[in-house]
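A.B. asks: One structure is given below, represented as structure tokens, and several questions about it will come after.
Bear in mind that the values in this text are calculations on the coordinates, not laboratory data. Not measured: the values here are computed from a predicted model. Counting neighbours? That spans all protein chains shown, and the Cβs are built from the backbone with ideal geometry, glycine included.
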Amino acid sequence: MGKVIAVCVSQQKGTQKQNVGSARFVADWGIEGDAHAGKWHRQVSLLSHEQVEAFRARGAAVDHGAFGENLVVEGFDFKALPIGTRFQCGDVVLELTQIGKQCHAHCEIYQVMGDCIMPREGVFARVLRGGTISVGDQLTILEERL
């Protein structure tokens, strides 16, 4: 079981997201008001709180949302889970669709630190069932596909 530490959105692509504390997730779309929402496989991005903290321990001054992640969750090593894993948080059901991503243009974090964790630690999901997710909510694995 995991705990939601941050819920982040941005109105424009290519900008850092801001922790808004709570957001509405729309089935087959993503997060209401987030620039990355749409009918595609990367509707929501997730990042492990533990990985963010390890990066901070290396001297990075990063806020939640700095990597472009929508959800920061404590208690999961997302990259170790198989594609197709389903998560539930309240009414919301998410399905893991992609692990990591190619970084075409190095972000500001990479420019300062010489590294960015999102391309290898971040994962993406689509929204199967909508609802609201807030900081402090519990995220559980419904199903792990092998």
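A.B. asks: Counting other beta carbons within 10 Å of each residue's own, what order do 99, 83, 133 fall into, fewest first?
C.D. replies: Values: 99 17, 83 14, 133 25.
Least to most surrounded, the residues fall as 83, 99, 133.
A.B. asks: Let me ask something else about it. Amide H of residue 20: which non-local residues (sequence gap of 5 or more, or other chain) have their own amide H closer than 5 Å, using H built in the peptide plane?
C.D. replies: When sequence neighbours closer than 5 places are left aside, the close amide H contacts are 7, 8, 9.
A.B. asks: Now for a different question. Rounded to whole Å and sorted largest first, what semi-axes of the equivalent ellipsoid does the C-alpha gyration tensor of segment 1-54 yield via the square root of 5 times each eigenvalue? All intermediate terms of the calculation are to be shown ahead of the outcome.
C.D. replies: Numbers: eigenvalues 75, 35, 25 Å².
Those come to 19, 13, 11 Å.
A.B. asks: Let me ask something else about it. Using a basic spin-label model with each label point 7 Å from the Cα along Cα→Cβ, how many nm lie between residue 41 and residue 80?
C.D. replies: About 2.4 nm separates the two model spin labels.
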